[in-house]
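**Student:** If you scroll down you'll find the structure; I have some questions about it.
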Amino acid sequence: MKILVTVKRVEDYESKIKVKPDNSWIVTEGVNYRANPFDEIAVEEALRVRDANAPSEVVAVSIGSGAAQAEIRSALAMGADRGILVKHDGFLDSDAVARLLQKVVAKEAPDLVLMGKQAVDVDDNVTGQLLAEYLGWGQATFASKKESLESPEEKAKKPGLRFGADKKTVQVAREVDGGLEVLEVQLPALITVDLRLNVPRYASLPNIMKAKKKPIEELAPAALGVDVSPKVKVVRVEAPPARTAGIKVPDVATLVKKLHEDAKVV
């Protein structure tokens, strides 16, 4: 089984983000970068699926500047077998990313594509769905894991996804308003992952050293035959308004009065 998993380079969510004076984008100087947290969950799940269905292969894919090699190396240090970087400097909208990934999937012919449900930098939550449509594959979004009576050690070794005996289908549990919903899709399929599916592992020092020797193939959008001209244009970026300081009230009656007269919410 071959599993392709995406790893996007994003601004660290703990960084203090500032908007450029001309409101064109954010100030990127001095901002720390890391792998998208939801993609880290996808990498962990890919590794668990591989280990439970050996022999299998995990291929980590990123699209972006040369600096994105760092995030691919992080996935390789976690245990992925090799990496692919579609190198492009500049803005890419979700549609361009999906069309580039479509070409990579066609080249690699994986049985399963795993992606984070969204990237924390733009929060679009559409790339996975667009890619599944372009591929003509079944998809299951927001995969989450059921709670069980297994010990933490046992659960840490098992994938949250459940494959059929013939390895032609996969069951995905996801959280919905009423509880849990279980979907079954035919392979090849695309699955986006949510929180609580697993806890990503830390890369050990030996694996970090091994990752330096694992191959990363570089591709270019032009070589893949994809026009990455954006269909979505960022017109303006604004910082959220500053919040006013909170106040203390002496009793419930005063609280209700302020909610009614000042906040006008009751």
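Here, each number is a calculation from the coordinates, and none is a lab measurement. On a predicted model such as this, the values are computed, not experimentally measured, just so you know. Cβ: placed from backbone, ideal geometry, glycine included. Neighbour counts: every protein chain shown.
**Student:** Based on the mean of other Cβ atoms within 10 Å per residue, sort peptides 200-206, 135-141 so the most packed one is first.
**Tutor:** Working: 200-206: 12.9, 135-141: 17.3.
Per-residue mean Cβ counts within 10 Å order the peptides as 135-141, 200-206.
**Student:** If we count every other residue with Cβ under 10 angstrom of Leu187's Cβ, Lys/Arg +1 and Asp/Glu -1, where does the sum land?
**Tutor:** 0
**Student:** Could you tell me which helices of the chain pass both thresholds, a Cα extent of 18 Å or more along their own axis and a mean Kyte-Doolittle hydropathy of at least -1.0, with helices taken as whole DSSP H runs?
**Tutor:** Length and hydropathy pass: 37-52, 94-108.
**Student:** Would you mind getting me the FRET efficiency between Ser24 and Lys231? Use the beta-carbon distance for r and R0 = 22 Å, nearest 0.05.
**Tutor:** 0.75
**Student:** Rounded to the nearest 500, what is the chain's calculated 222 nm mean residue ellipticity when only DSSP H runs of at least 4 contribute -39500 (n - 2.57) each, over all residues?
**Tutor:** Rounded to the nearest 500, it is -8000 deg cm²/dmol.
**Student:** Sticking with this one: Using a Förster distance of 45 angstrom, determine the FRET efficiency expected from the C-beta separation of Val266 and Ile17, and round it to 0.05.
**Tutor:** Rounded to the nearest 0.05, the efficiency is 0.85.
**Student:** Between Val199, Val249, Val86, which gets the highest mean-square fluctuation from a Gaussian network model of the chain, Cα cutoff 10 Å?
**Tutor:** Between Val199, Val249, Val86, it is Val249 that shows the largest mean-square fluctuation.
**Student:** Which order do peptides 22-28, 100-106, 220-226 fall in by mean Cβ count within 10 Å, highest first?
**Tutor:** Going from most to least packed, we get 100-106, 220-226, 22-28.
**Student:** For Thr141, what residues show an amide H to amide H distance below 5 Å, using hydrogens built from the backbone and excluding near sequence neighbours?
**Tutor:** Long-range HN contacts for Thr141: Thr192.
**Student:** Show the residues, 5+ positions off or on another chain, whose built amide H is closer than 5 Å to the amide H of Lys2.
**Tutor:** Glu57, Asp111, Leu112
**Student:** Need one number: the % of Cα-Cα pairs in the chain sitting beyond the 24 Å mark.
**Tutor:** On the way: 18965 of 35245 pairs.
Pairs farther apart than 24 Å: 54 percent.
**Student:** Please sort 67-74, 109-116 by packing, taking for each peptide the average over its residues of neighbouring beta carbons within 10 angstrom, highest first. Show your work: numbers first, answer last.
**Tutor:** On the way: 67-74: 20.0, 109-116: 23.2.
Those peptides, ordered most packed to least, come out 109-116, 67-74.
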